[in-house]
Structure formats: structure tokens, C-alpha cells
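This report refers to the structure that appears directly beneath it.
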Amino acid sequence: MENTIHTRPIFNSSPIQQVDWAGKSYWIKRDDLLHPLLNGNKARKLFYYLQHEFPNKTTFVSCGGNQSNAMLALAALAQLKNWQFHYYIKPLPNFLYQQPSGNFQQALALGMHYTEITDFSAIKLTATDLWIPQGGASPEATDGLKQLATELTTFIHTENKQDVGIFVPSGTGATAFYLQQHMNYPVFTTACIGTSDYLHHCFQQLSCTTTKHYPIILEQSEKYPFGKPHPTLLNTWQTICTATQIEFDLLYDPLGWLALQQHADNLPNTIIYIHCGGISGNNTMLARYKRQKLC
Ligand SMILES: *Cc1c(COP(=O)(O)O)cnc(C)c1O
């Protein structure tokens with residue numbers, strides 16, 4: 001069974017910073033600054049695995065995209081714990097195989113082993129493997145998001161803020177969902193992968209008998225296929241990065257800020273935006289924009 005390691009946590013509370021964007025003031029929770037490699041919401045979701053020991057396990061096993069932020073976070077986690085990390089991916093595109101780049105390259109440098117597989121359901125585990133679901137979307141994510149909720153609540157009380165909402169863009173929805181379970185303030189989100197209905201369905205999957213309430217999903221006026229370069233997303237990204245002097249992620253954050261802008265008039269006065277990290281993937285994403293002559 002698991003024992004808790006009573007050592008100093010590697011994370012201190014992340015800073016909160018005020019910025020102005022599109023005529024409104026926002027607070028940014030800088031989870032991108034938690035740790036050089038293990039940061040953002042992936043660090044929060046994986047916090048549980050840092051805090052606990054698993055005596056008979058030696059290897060994290062997971063699956064997902066070949067440039068995913070979760071992959072890099074797991075590679076960093078494995079290194080911090082002195083474990084192995086085995087990652088399953090769909091067959092690699094030739095250019096990436098020939099010349100690893102971005103998160104993939106960084107994860108390999110941290111010691112990740114990978115296997116190409118067409119069907120993730122065919123993955124087999126051994127007794128020493130510890131399985132982490134794709135994107136870290138599992139109840140274990142609760143510990144780290146509870147801590148994030150505590151940090152936010154402390155800030156809100158210390159600053160004596162009224163009419164507060166939290167915002168975080170969603171992929172699997174796990175971050176928004178578990179955060180909301182531990183917050184007495186509304187958590188707003190928007191679906192970056194799939195539709196709002198799909199995201200709602202993801203919340204239902206994560207629910208249990210103690211589920212209090214779901215995050216509020218902000219609809220987007222336009223739908224963008226996830227991960228596909230689009231001039232509006234690039235332009236939004238450039239605008240927020242310039243206005244705030246903070247580098248945001250190019251996959252989720254442009255969609256997050258677009259949703260906030262569209263709904264600005266109907267949201268609480270004070271919005272705290274969770275910076276989920278992910279900027280280590282920006283270079284490979286910008287390279288895709290360049291290949292498609294979009295920048
Ligand atoms: C993974 C990720 C998200 C989405 O988190 P979920 O918990 O899957 O909803 C948002 N932003 C960034 C930068 C991420 O890496």
C-alpha cells in the first residue's frame with residue numbers, strides 16, 4: 001500500500017499577477033512558474049504521485065499525443081522520483097522520428113522510453129507498472145487541484161475580493177472539474193477539444209456521489225478544430241502575450257481568452273485565469289504555423 005513521504009513539497013504556492021486585456025483587468029494564477037519542467041495543470045494533476053510512495057512500482061506508463069504537455073510532465077515526474085517512464089504513442093510521423101523536437105525531444109532527454117502502437121487498448125501492463133490515464137484525467141488529480149483551490153481561496157479572502165470567478169480552458173475537463181469540487185466560487189471553462197456537450201459528458205464521467213456542482217461552460221461563437229493552426233488563434237495569442245507580457249500556450253489559451261472576451265459582460269467582476277503552462281510546446285506549434293505560411 002501507499003505511504004506518504006513527509007518531505008518538503010517541490011512546489012511553493014504560485015504567484016498571482018494582475019494584467020489588463022481588451023479593456024478589462026484579470027488576475028493570472030501563474031502555475032506555469034511552479035517548476036521548470038513539471039508545471040501548469042499537469043503538475044497539479046500529477047501532484048498525488050509526487051506525494052506518495054508506491055513500494056512495488058518502478059515505471060509510469062501512459063499514452064497520448066506525441067507532443068503532449070502531459071507526456072513531458074510525466075517524463076519530468078519520473079525523473080524527480082527516479083522512476084522509468086514508458087509512453088505509448090500512435091506511429092510517429094517521419095519528420096519527428098528523424099528529428100525529435102519540442103516536448104517529444106525534451107521528454108526523450110529526460111529518459112522517456114516510447115512504443116508506437118495503433119490501438120491504445122492493446123497496451124499491457126506488468127506488476128511494476130503504474131498506469132496514468134491519458135492527460136492525467138483521474139481521481140488522483142484531486143489532491144493537487146485541492147491545493148490549487150486552497151491557494152486561490154486564500155488569495156480571494158486576503159484581497160477581500162467580492163464577485164469572483166475562476167477561469168481555466170478545458171481539454172479533458174479534469175482540471176476545471178476537480179477545481180470546482182473544492183471551490184466555493186464558480187469555475188468557468190470552455191471546450192477546446194470537442195463540443196460543449198462532449199465536455200459536459202466528460203464532467204459526468206468524472207462525477208461521483210459527492211459531486212457538488214459542475215464548472216460553467218462558456219460557448220464559443222466559432223469552433224476551431226483542436227491543434228489546427230488558425231490565423232485568429234495566432235493573432236489572439238500574440239495579442240494576449242504582448243498585452244500581458246506573459247507567454248501563454250498556443251493550443252488552449254487563445255480559445256480561453258476568446259471565450260472570456262465574448263462573455264466579458266456577463267462574468268463576475270474579478271476573474272482569476274489559471275495559467276496551465278504548456279509553453280514548452282509553443283516552438284513546435286509556431287513551426288507548424290510557419291510550414292503552413294500562416295506566420
Ligand atoms: C492539458 C492542458 C489543458 C487542459 O487540461 P484538462 O485538465 O485536460 O482540461 C489546458 N491548458 C494547457 C496549457 C494544458 O496543457
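Structure notes:
- Segments 244-253, 78-87 sorted - mean Cβ within 10 Å per residue, highest first: 244-253, 78-87
- For the stretch 285-291, 3J(HN,Hα) per residue [Karplus equation, 6.51 cos²θ - 1.76 cosθ + 1.60, θ = phi - 60°, Hz, x = Gly/Pro]: 5, 4, 4, 5, 4, 5, 4
- On the beta carbon distance between ILE216 and HIS52, with R0 = 22 Å, the FRET formula returns roughly 0.10.
- When a 1.4 Å probe is rolled over the protein heavy atoms, the share of accessible surface on the stretch 43-136 that falls to carbon and sulfur comes to 50 percent.
- Label-zone membership for the stretch 219-247, site SER101, 7 angstrom Cα→C-beta point, backbone N under 14 Å: 229
- Counting only protein heavy atoms and a 1.4 Å probe, the stretch 43-136 has 47 square angstrom of accessible area per residue.
- Under 17 Å from LYS212, Cα to Cα: lysines that are on another chain or at least 8 residues apart: LYS146
- Using θ = phi - 60° in the Karplus curve 6.51 cos²θ - 1.76 cosθ + 1.60, the 3J(HN,Hα) couplings for the stretch 210-219 round to 8, 4, 8, 8, 8, x, 8, 8, 8, 6 Hz; x is entered for Gly and Pro.
- When the alpha carbon gyration tensor of the chain is reduced to an equivalent ellipsoid, the three semi-axes, largest first, read 29, 24, 18 Å.
- The antiparallel fraction among DSSP beta bridges confined to the chain stands at about 25%.
- Fully extended contour minus Cα-Cα distance, from GLN17 to ASN266, at 0.36 nm per residue: 87.4 nm
- Between amide H atoms placed 1.01 Å from N, distances below 5 Å from PHE226 occur with GLY194, all of them 5 or more places distant or on a separate chain.
- Residue-by-residue Karplus 3J(HN,Hα) for the stretch 264-269, coefficients 6.51, -1.76, 1.60, Hz, glycine and proline x: 3, 6, 10, 9, x, 4
- Take 152-158, 174-180, 66-72 and order them by the average number of nearby Cβ atoms within 10 Å per residue, most first; the result is 174-180, 66-72, 152-158.
- Listed peptides 92-99, 108-115 appear in the order 108-115, 92-99 once ranked by packing, highest mean of other Cβ atoms within 10 Å at the front.
- Semi-axis lengths (Å, descending) of the ellipsoid that matches the C-alpha gyration tensor of the stretch 149-295: 27, 18, 13
- Within straight-line cross-link reach of LYS57, aspartates and glutamates at Cα separation under 19 Å, skipping those fewer than 8 residues along the same chain: GLU2, ASP129, GLU140
- Bins of 10 Å from zero: percent of alpha-carbon pairs in the stretch 112-195: 14, 36, 26, 16, 7, 1
- Relative frequency of Cα-Cα separations exceeding 19 Å in the stretch 43-136, percent: 36
The values are calculated or read from the model by the stated rules, or taken from the named source; none is laboratory data. Note that the structure is a prediction, hence the values are computed from the model and not measured. A quick note on method: Cβ atoms are made from the backbone with ideal geometry, for glycine too, and the neighbour counts reach across all protein chains shown. The accessibility values were calculated without ligands, DNA or RNA, using every heavy atom of the protein model including side chains. Shrake-Rupley method; radii C 1.70, N 1.55, O 1.52, S 1.80 Å.
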